[in-house]
Structures are given as C-alpha cells and as structure tokens.
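Taking it in order: structure first as structure tokens, then the write-up.
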C-alpha cells in the first residue's frame, strides 16, 4: 500500500512538472485570450478531479452502507474532502480566469454554477460528519448525503444549463476555444497529472484515516 | 395491507396534530407572504416575475417547514416510541412524506391566490395546470425534505444545515418549477422538457429516499 | 427447566469511548420478572433500550424469545413493549386517539376503551393529553403497553410519579404478562416497590453487573447498597 502510493506520488510529481512546463511554456497562447488561456490547464483538471471525487464518494458511500466495512467510509470521507477542495480550486480558477478574459468575476455559466452548488453540497457533507452525535452515525448520515448529492449532480447540471440557454441564447459559451493540437496535448497531460495527484492524495488521506480510527479504537479499550 | 394502514395512520396523525396547532403552516405562510411582499416591492410586481417569486417563496418557506413535523416528534420524545413499532421504516417515510406534501400544497394554494391578487396575474383559466405543476414540484421537495428532516435530527446545528442541504439539492425543482409555471401562464412551448425533468427528479428521489430513510432512522 | 425468554451474552454498549453497559450475561425464563437495581448512570436504561432494539449492541449477543436482537430486530419489536421515562404520547391528541394510533402502528386491535377503563382514565378519554397530570400520562403509557399485549414488557422507572393506585396497576400489568407466559424487566432504584414482583434481581454499577440472584436471596441492606451504588 505504501509503495503504491509512493509510486503514484512520484508519477504525479513528474507529470505535474511536465504539465507545468507544457502549460506555461511549450504550448501556444490562445488567439483571442492570449496567455490567460493557460489558466485552463489548472481550472479544467481541477473540475475534472472534483467530479472524479464526487463519483468516488458515491461508490464508496453505497459500498459502506451495503457492506459496512470501515475502509469504505475512510475512502468516502477522504474523497469528500478532496471533492470540496477541488471544487473550491475549480471555482477559484474559474473566477481568476473570468476576470481578465470576460471582465467579470462570475459569468453565471452553467458549469460554474453547478460547481458552486456542488461545493455547497460537499460542504454540507463534511459538516454533517463534524456535527453528528457520534462517529458511526456521522459516517452513515454522510453516506446518505453523498449518494443523494451525487445522484443529483446530473439533474442540477441540466436544470441550470436549460434554465439559461433555452430561455435566452447563450451569450457566453466558455470552453469553445479552438484548441490547437499542442494545447490539447497540454490539457491532456495536466488532466492525467491531476488525476494522479488526486489518487495520491486519496491514498494518503485514507491511510491517515485508518491510523486515526485505529488510535481511537485503542483508546476506547482502556 | 397493514403497511398501508400504518402509512395512512401516520399521515393522518401528523395532519391532525398540525390542524390542531397550525404552527407549521402559519410559520410557513407568514414567511412566504413576507417574501412575496418584499420581492414584489423591491423588484416590481409585473406578472412575468410571478412564477419566480412563487417558487422562491415556496422554497424558502419549505426550508422552514420541512423539519417541523419530524422535529415535533423529537420534542414530544415520541420518536423513539414511533421507531419501536414493528414494520419497515419505509412506511414511516411515506406517512411523513404524505403529510408534508399536503402541508406544502396548502401553502401553494395560499401563494397562488396571493400572487394572483398582488401581481394581477390571470390565474383562473390556468388554475388546474398551475396547481398540477406546483404539486409536481412539491412532491420532489417533500421527497428530499422528509429524508433530510430525519437526517438533521441527529446533528447539531439543524437550522443551519437544513437550508444548506436542501436548497442545493432541490435547486432543479425550483428552476423547473419556475420555467414550467411560466410555460403554463404564457402558453409558451418547451414545457414538456421541464415537466420531464421534474418527473425524473420526483421518481428518482421517491425511489431512493425511502431506502436511505432506513439508514437515517436506524437504531443508534 | 423453564424455557428461556431472554438471553444475553457479553452484551455491551458504548458511546464513543464510554461504556454504558459492559459484558452483561443473563438468562430469563418465561413467566418471570427481573428487577434491575442500580444508581443513576449504572446502565439500567441502556439495558432496557438494547432489549427494546432502540439501541444496537456494540458487542455481545442477545435473543428475545428466540429472535436475535440485531438480525431479528423487527420480530423482537412485534412482541415487545417499552415503557420509558418519557411517556411517548402526542400532547395534541386525546388519550383515545393516542391509543388508537398505537394500536394501528403496533398491529393490535383497538381496545382503547377497555384499557382506559382499567387504568381509570375512561372519563378523560376525549381530553387532550396536554391536560393530563404527570401521573395520568404514566397511566396512559401503561394502558398503551396493556393494549400492545407484549411478551416482553420493559419498564423503565415505572413507579415514579405514581400513587398507590398507579403502583397497583404496574403490579397487575406485570402479573398478567407473566401469567401469559411472557417476561417483564423493571429497572428502578425504588426497589422497595418492585421487590414483590421480582423473581430475579440483578444489580448494575457503572455499566457492569455486580449482582445476580433470585429475589428471595437478596437482602434489604444489600439492595439498598446496590441502589445507592455503594458496591
């Protein structure tokens, strides 16, 4: 387990470095946005990882409620934290990108709104764990929220998209950047790098959770 | 058939208690009315705004009212007794869902009348359809609301957590409700899509929530 | 050898780090009554709530009339009535409405009138429970238990707030459950009022069992010490 996470961590570092280089130096600037487009190489992977984390929470929560093994709860908890973290990063990235390019901090773009809602849901997920009467109950209640939240994500997304685009023509359709092949490559590298980073963080966090849980159990015996 | 009887008995009990005290409906109605007045005044009471204000008022009032039937059980310390009756907890879910849906429907009726008057909207011709749209949305709100109401019992900071959990999850209901209400009022096309979306939301969560209710209400 | 009604093995319950009940093993035959004695916080309520399936054990096992406490929880609930320290009634409903609700939920015939007569609340059947005194509410809770006709009757501090007449009702209820082949467990520190009902006595202190004996063999001073936690 430890060697696996070191391997993943090592690969993540290498790819992140490569992605950084390609994103900042080797890839061309965008015709319209200039160098600002480079934020995309961080923003899009952050969002991607956030959704990856949400999917992880969904699966781990179901497994935890169904099978009851503690490790599923550890995975769900860790993934939930990472979901909150990466949605926050995606939101921050989106805002930093939006200001110079579109002139506003917030574009009310459907995907941005969905990401903001997702952040709230996972803030709730973590709060429920914190505020619950006891650990086990908190884990089970959080699993319920994780499942409901994850199921709701596609519905939220489409309702937000349709709310805007069907009512008025979309004036801002972000993401329709004509991407030259080097940019696509840069994006792919960063996506993979972030995915590996996610995996590494997840493994480390799960390990920490298991150690904490073991410590608490040992304390109860006395 | 005793499962059905238990569901009905529970819904009747909740509604009977509410009828005798009328606390929840009063609190929700007052809040909803205040929202309508405030937004109507600040934004201007043109008829096109009515659907949006309707659903915002409904959603905010629901935040307030959703937890109360379950909360009342806890206050009366009757919840433990309720959980000790034999039978599946799913029936408890359906009973509470039914009672909450009825409560919110009463609120809906009040809001429709209020908006018709204050916003000068011609409701009468479209009333059945408007009501139908409202109930479709309310069913979804209740579906998730009943589950969350039970969930927050076991958590500190209930008043904060309920809006935080319910509003993001129920956002599609509000958005869909607004667009579908608009479509009904203005005979605009595109209503079918929103109807489908609300239906999917309702069916999905009415299938999933009762199962998860068991998890939430289980023994400590 | 009488058939076994309730059996526990190493039954434990902890709340985070604190053990409310630890390693309790007991066997109760049918048609018997158990008196659980101990000071506040000894674990009496925890034991009752575990048997009622209101709480899940942290460790150990238990069966009630052959049904496992965890896997057969629903079956246990069918045959158990728990009368806790909170009366569990809806204040906004009348006595009769409360009992009718309990009957439907418990899957029993609605004998509200009959049991209300037995506990002496028939005259106020149509009054809202909010108007009841503490003693009346406790008697209503007993009426509810009567109507549910349980095989396992769990009474938590049943004598508090009851006058002599009320105490007699508890006696009658327990006696009826026993004669129908069922089993009663009473938890109280007012051991004097429950002593004559009990066949067996166990003492709890800080979650652990410190005494288990047939009622006849436990002396008054010993009971006083158990109830006061001085063991």
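Spacing of the modelled spin labels on residue C:68 and residue C:179, each 7 Å from Cα toward Cβ, amounts to 3.7 nm.
Between segment B:59-88 and segment C:168-207, the C-alpha centres lie 32 angstrom from each other.
With the simple model of a label 7 Å out from the Cα in the direction of the Cβ, residue A:13 to residue B:218 spans 4.2 nm. Across chain A, Cα pairs under 8 Å and at least six residues apart give a relative contact order of 34 percent. Compared with the dominant Cα axis of chain C, that is its longest principal axis, helix C:95-106 is turned about 60°. Between segment C:97-146 and segment B:1-47, what is the C-alpha centre distance in whole Å? Rounded to whole Å, the Cα centres lie 30 Å apart.
Beta-bridge orientation, the protein assembly as shown: approximately 55 percent antiparallel, per DSSP, counting only bridges with both partners inside. If R0 equals 41 Å, the separation of the Cβ atoms of residue A:134 and residue B:4 corresponds to a calculated FRET efficiency of about 0.75.
For chain A, the longest principal axis of the C-alpha atoms and the axis of helix A:2-21 are separated by about 10°. Using a simple spin-label model with pseudo-atoms 7 Å out from Cα toward Cβ, residue A:207 and residue C:206 lie 4.0 nm apart.
Listed from fewest to most Cβ neighbours within 10 Å, the set B:126, C:137, C:44 follows the order B:126, C:137, C:44.
Of the peptides B:209-215, C:147-153, A:79-85, A:101-107, the order by per-residue mean of other Cβ atoms within 10 Å, starting with the highest, comes out as A:79-85, C:147-153, B:209-215, A:101-107. In this structure, residue C:9 and residue C:117 have a Cβ-Cβ separation that, at R0 = 51 Å, corresponds to a calculated FRET efficiency of about 0.75. Segment A:25-79 and segment B:160-220 have their alpha-carbon centroids 26 Å apart.
Of all the options A:117, A:148, A:189, the one that moves most in a Gaussian network model of chain A with Cα springs shorter than 10 angstrom is A:148. With R₀ set to 51 Å, the beta-carbon distance separating residue C:172 from residue A:214 gives a calculated FRET efficiency near 0.45.
Counting beta carbons within 10 Å around each of C:131, B:105, A:87 and listing the fewest first gives the order C:131, B:105, A:87. Remark: the Cα gyration tensor places chain C in the prolate category, a/c being 1.5 or greater and a/b exceeding b/c.
Please tell me the relative contact order of chain B in percent, rounded to the nearest whole number, where contacts are Cα pairs under 8 Å and at least six residues apart. Once normalised by length, the contact order is 27 percent. Principal-axis analysis of the Cα atoms of chain B puts helix B:158-186 at an angle of about 40° to the longest axis. Each of C:21, C:34 was scored by other Cβ atoms within 10 Å of its Cβ. Arranged with the fewest first, they read C:34, C:21. Only Cα pairs under 8 Å and 6+ residues apart enter the sum, and on that basis the relative contact order of chain C stands at 28 percent.
Just so you know, all these numbers are worked out from the coordinates, no wet-lab data involved. Predicted model only: the values in this text are computed from it and were never measured. We place every Cβ from the backbone using ideal geometry, glycine too, and count neighbours over all the protein chains shown.
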